[in-house]
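The values are calculated or read from the model by the stated rules, or taken from the named source; none is laboratory data. Everything numeric here is computed off the predicted structure, so don't read it as measured data. In this analysis, Cβ positions are derived from the backbone assuming ideal geometry, glycine residues included, and neighbour counts consider all displayed protein chains.
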Amino acid sequence: MFNKQELQLISQTLIQKRDWLSKNIGNPDMVGNKIQFEKSLQLIEGIVQKINSQTPATTDNTESPAINHYISAPSTSPIRQAAIGRRQQLAAGQIRVLLVDDDQLMCDLISAYLRAADITLIHYANDGLKGISMMYDANPVYDLVLCDWNMPTKSGIDVHDAMRAAERYLGTVFMLVTAVTDAKQIRSAIEDGVDDYIVKPIEQEKLIKKITRFFPQVGKTS
C-alpha cells in the first residue's frame, strides 16, 4: 500500500500527464491519436479521483509535510528501473534507435557513426510529427531517440514530451541533437527529463561516449 505522501506524488504525475493530453487532444496534427488520448484522459481522471478519495484533506492543526517536486535525485519508477536494467545488457546490435532530423546529411552522418559502433537498428523520421507517429506505432519500443532540437511543426522538446507521455517510453533514452549552446536552455531541457544532448558539429567519439553512458555494452564492442 502507498502512504499519503506517495499517493500525492502519483496524483501530481498523473495530473501533469492529463494536462498535456488535454492541451494536445485538439491539435490537428494529433488527430490520428484522438481516440487513444480520450481513453487515456478518462482512465487518468478516474485514477486521480480515486487517489483523492483516499487522501482526504487534513482536518487537525498538524501540518502535512511539504512535498518537494524538484528534488535532485527523484525516485525511479518500477517501469523505468526495469528498463534501465534491461539496457545495461543490450548489445550494440540490439539497440533500436529512432533518429529524428529534417537534415538528411545530418541523418547520414549520425547513422554512419552509429553503424561504426555496430548500432544498426536505425529508423528515420524527417520531422518531429512523423517521429511522434513512429514512436506511437513502434512495437517493440525504441531504446534510444536522437532528435534535432529545432525543426518545423514539432520541435525536439515537443517530441520528447510526447514520448514521455506514453508510459511504455519511460525507460527510453532521449538525446537532443542541437546547435543550441545556451546553458539556460540546455539546463531547462535536462530538468524537463531530456537524458542528454549532443552539440553540433557532432564528433563520433563524443557521440559514442555519451551513448555508452546508458548502454555500457556498446563500449565493449566498439
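So the values come out like this:
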item	result
Residues (within 11 Å of the chain's Cα centre (by Cα) and among the β-branched types (Val, Ile, Thr)) located in the stretch 142-165	Val145, Ile157, Val159
Which numbered condition Gly193 misses (of (1) on the phi < 0 side of the Ramachandran plot; (2) in contact with a Phe, Trp or Tyr (Cβ under 9 Å, 6 or more places away or on another chain))	(1)
Qualifying position, being of a type in the set (Ser, Thr, Tyr) and either outside any loop (DSSP other than H, G, I, E, B) or modelled with pLDDT of 75 or more (or both), among Ser75, Ser22	Ser22
The listed residue being in the same structural domain as Val180 (by TED's automatic domain parsing), under 22 Å from Ile211 (Cβ atoms), in contact with a Ser or Thr (Cβ under 9 Å, 6 or more places away or on another chain) and surrounded by fewer than 17 Cβ atoms within 10 Å (Cβ to Cβ), out of Ala116, Ala138	Ala116
Wholly enclosed helices (runs of 4 or more DSSP H) of the stretch 105-215 bearing at least 3 residues in contact (Cβ under 8 Å) with a residue 12 or more places away in the chain	128-137, 156-164, 204-214
Those residues of the stretch 141-154 which are touching a Gly at 6+ places or on another chain (Cβ under 9 Å) and crowded, with 17+ Cβ neighbours inside 10 Å, in sequence order	Val141, Asp143, Val145, Cys147, Asp148, Trp149, Met151, Lys154
Residue match in the stretch 176-189 (condition: of a type in the set (Asp, Glu) and buried (at least 20 other Cβ atoms within 10 Å of the Cβ))	no
Residue that is nearest to the chain's Cα centre (by Cα) [pool: residues in the stretch 190-201 that are surrounded by fewer than 16 Cβ atoms within 10 Å (Cβ to Cβ) and of a type in the set (A, V, I, L, M)]	Ile190
